[in-house]
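The values are calculated or read from the model by the stated rules, or taken from the named source; none is laboratory data. Computed from a predicted structure; not experimentally measured. Positions of Cβ are backbone-derived with ideal geometry, glycine not excepted, and every protein chain shown enters the neighbour counts. Ligands, DNA and RNA are excluded from the accessible area calculation, which covers all protein heavy atoms including side chains. Shrake-Rupley method; radii C 1.70, N 1.55, O 1.52, S 1.80 Å.
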Amino acid sequence: MENEREIMAEMAQLKADYQELKSELEKQQIVNENKLVHIVGRKAGDIRKVKFTEIMCAALAFTCCPSFHYSFGADWWFVYATAAMMAVCAIVSFVLYGRVDASHLFTKSLLEYSQSIKRFRRNMINWERIGYVLMIIWVSVLGYQIWIHNSEEQAVRYLTLGLMLLAAVTGAIIGYRLFRKVMDTCDDIISQIEE
Amino acid sequence: MKADEKFFTQLIRDHKRMIYTVCYMFSKDQEQVNDLFQDVCIKIWNGLESFKGQSDIKTWIYRIALNVCLNFDKKEKRKGERIQLDVNINLYDEQDSKNLQVGQLYKRINRLGLVDRGIILLWLEGLSYEEIADIIGITPKNLSVKLVRIREQLKQMKN
């Protein structure tokens with residue numbers, strides 16, 4: 001009983017302190033709304049521009065697939081398989097990121113949102129593993145295609161293979177770093193919830 | 001100024017103190033408050049179209065603010081034009097006697113876990129149990145149990 005009374009008194013003090021903060025803020029302007037509208041409108045526009053650029057890059061990469069045939073004579077089945085793989089990757093990424101879409105901020109509760117982050121993290125790890133397997137297979141087949149279609153000129157064959165390997169390693173490093181960044185952000189959010 | 005801009009301006013004018021308080025409770029310094037405040041405003045702007053008035057606008061803003069605070073990347077360097085908030089009290093200055101009480105309150109709440117921090121903040125804001133439960137994603141019964149536990153934790157911190 002005594003303890004209960006003490007806690008209630010404590011909470012009343014807490015509320016009083018909080019009201020102190022609120023009344024202090026009541027006297028402040030905090031932000032110039034017109035300036036805020038200007039900046040926020042521009043920032044929101046920037047986000048749309050980034051999304052548009054991402055879509056354009058994906059579309060450009062997709063249309064580059066036939067260049068494998070015209071540049072070093074890769075078989076058409078390889079070109080189609082590459083295009084199909086890119087389409088699958090784009091769809092999976094779209095679905096995965098869609099599950100932690102910004103719109104969830106408006107509709108989900110705090111715990112629902114953190115659960116969706118956990119699911120997203122798990123799915124990202126699985127997708128990353130599949131992605132690396134797909135990439136190793138694709139790079140191996142690409143190497144084989146370069147090898148068989150450039151048999152006349154050894155220098156061109158080795159140069160193309162070297163460039164391909166360099167691009168593959170660079171791509172893998174960039175991909176891994178981006179993956180780690182996403183994972184770190186997810187871990188940060190999850191640890192905040194579970195602490 | 002377009003109609004939606006006018007509505008947004010009015011919305012911020014009416015709720016800026018509430019947004020500021022949430023951002024303050026989830027930040028470590030003034031710079032982070034600025035960044036969080038800006039992020040919350042951008043999300044509100046982007047979400048205005050999807051807000052169909054099913055819930056109270058205040059509950060909707062709290063939901064966004066708390067989810068943004070949860071999702072906020074503290075390590076990321078913010079680029080471009082930023083909002084500079086015009087607050088004349090330095091809430092992080094412990095030497096200022098005026099802020100001492102508030103500073104102590106901030107410190108104790110800040111030691112709680114994120115969900116507990118969200119709960120106590122909404123309770124201090126005077127929201128009903130149903131509203132808090134809806135924003136956090138637990139049942140009102142579970143909320144009352146949690147609130148008792150949080151109160152005891154806060155008391156222990158003071159001791």
Of A:LEU25, A:LEU60, the only residue that is farther than 22 Å from B:GLY126 by Cα and without any contact (Cβ under 8 Å) to a residue 12 or more places away in the chain is A:LEU60
The helices (runs of 4 or more DSSP H) lying wholly within segment A:24-100 that contain at least 2 residues that are within 14 Å of chain B (Cβ to nearest Cβ) are A:33-63
The helices (runs of 4 or more DSSP H) lying entirely within segment B:87-157 that contain at least 3 residues which are more than 24 Å from A:ILE190 (Cα to Cα) and modelled with pLDDT under 85 are B:97-110
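Residues checked against (1) open to solvent by less than 40 Å² (accessible area, probe 1.4 Å); (2) not aromatic (Phe, Trp, Tyr):
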position: A:CYS57; (1), (2): no, yes
position: A:ALA83; (1), (2): yes, yes
position: A:CYS89; (1), (2): no, yes
position: A:SER114; (1), (2): yes, yes
position: A:ARG119; (1), (2): no, yes
position: A:ARG122; (1), (2): no, yes
position: A:MET135; (1), (2): no, yes
position: A:TYR144; (1), (2): no, no
position: A:TRP147; (1), (2): no, no
In segment A:149-195, anything hydrophobic (A, V, I, L, M, F, W, C), farther than 24 Å from A:ASN123 by Cα and open to solvent by less than 70 Å² (accessible area, probe 1.4 Å) is listed as A:VAL156, A:LEU161, A:MET164, A:ALA167
